[in-house]
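Here the structure is laid out as structure tokens; the discussion comes afterwards.
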Amino acid sequence: MGAPRRRTRAELRALLLDAGVEVLLEEGLGTGAEHLTFKRVFDRVAATSGFRVTNASVIGRIWDNQAEFQSAVLTSVAAEEVTDQELSVREATADLVIAADRLTMEGRRAAMREVIRATAEANIGTADSSRSWATVIGVWAMTSGSRGRSADVIHDAIKRSYDAITERNRVTTDLLTSFLGLRLRPPFEVDQFTVACMALVEGCTLRGRVVVDGGIDLPTGPDGAMQTWTLLGIAMEALVDQFYVFDPEWSPDSIT
């Protein structure tokens, strides 16, 4: 066997960042990234890839010190666009949208209500089990009051990620409201609704990791059947009612 191939600086940087992110996802932040040491990450790389990394190959060549490496890992996590909840919501609501009765006002209302209820349940359930979501939110919270060059880099990464997620949610909102014939109440804009809804989801899902929401039974099913709602779902429906109104002149044929 020949000598192991020497990795480029870019390859080694990517390898160590990936290993650092995995350590954070598995063990959480604690009070910060202080447990994310070079030794622990080097050991992780050796265990997963068989590649041996030394301080000499990293310090001064890729990062000046361990703190700079920790900041780079936090920036990588902050920039991650976590799609766990988006995918879960899509799976939970796809059949509901397909089966929606759009021919009557009551059918449209029932479809929207059920989509909201399912969306809330999916968000709560995914946030409770997603390592990525919890870690990213932890980085956001940990660095929100920080100042300095490293903090600014992390804040920029958070903003890019947040802007991308917000845009995807705005597009989804536009598609769903157009599909069911809702229009915005003046003077509101879809971006305002999207931001408000995302903030509500983030707050309720964070709370749900500490205080279990037992659910509230409401007669919202077919023929008044009881259904269990989360607090998030109830609040989301109120938000939709505040921002949107069903257009009485709308029909499925109006969608081009």
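What follows is calculated from the coordinates using simple rules that are stated; it is not laboratory data. All values derive from a computational prediction rather than experimental measurement. Here the Cβ positions follow ideal geometry from the backbone for every residue, glycine too, while neighbour counts run over all protein chains shown.
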Problem - C-alpha long axis of helix 190-208 to longest principal axis of the chain, angle in ° - result: 70
Fill in the blank from the handout: Rounded to whole angstrom, the alpha-carbon centroid of the stretch 206-221 lies from that of the stretch 165-180 at a distance of 25
Handout entry: Relative packing of peptides 17-23, 199-205 - highest average C-beta neighbours within 10 Å first
Key = 17-23, 199-205
Exercise for the section: Within 10 Å of each residue's Cβ, count the other Cβ atoms and sort HIS35, HIS155 from fewest upward. Expected result: HIS35, HIS155
Problem - Cleavage-rule hits (trypsin sites (Lys or Arg not before Pro)) in the stretch 8-105: DSSP loop, at most 13 neighbouring Cβ within 10 angstrom - result: ARG52, ARG61
Completion exercise
Of the candidate values [x] 71, 44, 38; [y] 46, 42, 35; [z] 74, 60, 29, the one computed for Cα extents along the principal axes in Å from this structure is [x]
Exercise for the section: Might you report the magnitude of the Cβ-based charge dipole of the stretch 43-143 about its Cα centre, with Lys and Arg at +1 and Asp and Glu at -1, to the nearest 20 debye? Expected result: 60
Exercise for the section: May I ask for the angle, rounded to the nearest 10°, between helix 84-98 and the longest principal axis of the chain, with both axes built from Cα atoms and the value confined to 0 to 90°? Expected result: 30
Fill in the blank from the handout: Scoring the chain by relative contact order with C-alpha pairs under 8 Å, at least six apart, yields a percentage of 20
Exercise for the section: Would you please classify the overall shape of the stretch 130-256 from the alpha carbon gyration tensor, given that a ≥ b ≥ c denote the square roots of the eigenvalues, rounded means a/c under 1.5, and beyond that prolate means a/b larger than b/c while oblate covers the rest? Expected result: oblate
Fill in the blank from the handout: With the charge dipole of the stretch 84-254 built from beta-carbon charges (+1 for Lys and Arg, -1 for Asp and Glu) about the Cα centre, the Cα from LEU200, LEU96, LEU231 projecting farthest to the positive end belongs to LEU200
Practice task
Compute the acute angle (0 to 90°) between the alpha-carbon long axis of helix 9-27 and the principal axis of greatest extent of the alpha-carbon atoms of the chain; round to the nearest 10°.
Solution key: 60
Practice task
Compute the Cα gyration tensor for the stretch 51-195, then decide on rounded, prolate or oblate, letting a ≥ b ≥ c be the square roots of its eigenvalues: rounded whenever a/c is under 1.5, prolate when a/b is larger than b/c in the other cases, and oblate in all that remain.
Solution key: prolate
Practice task
Quick one: Debye curve from the alpha-carbon atoms of the stretch 9-78 only, equal weights, vacuum; give me log10 I(q)/I(0) at q = 0.12, 0.26 Å⁻¹ to two decimals.
Solution key: -0.26, -1.31
Handout entry: Top positive-direction residue, dipole computed over the chain with Cβ charges, set GLY181, THR8, TRP250
Key = THR8
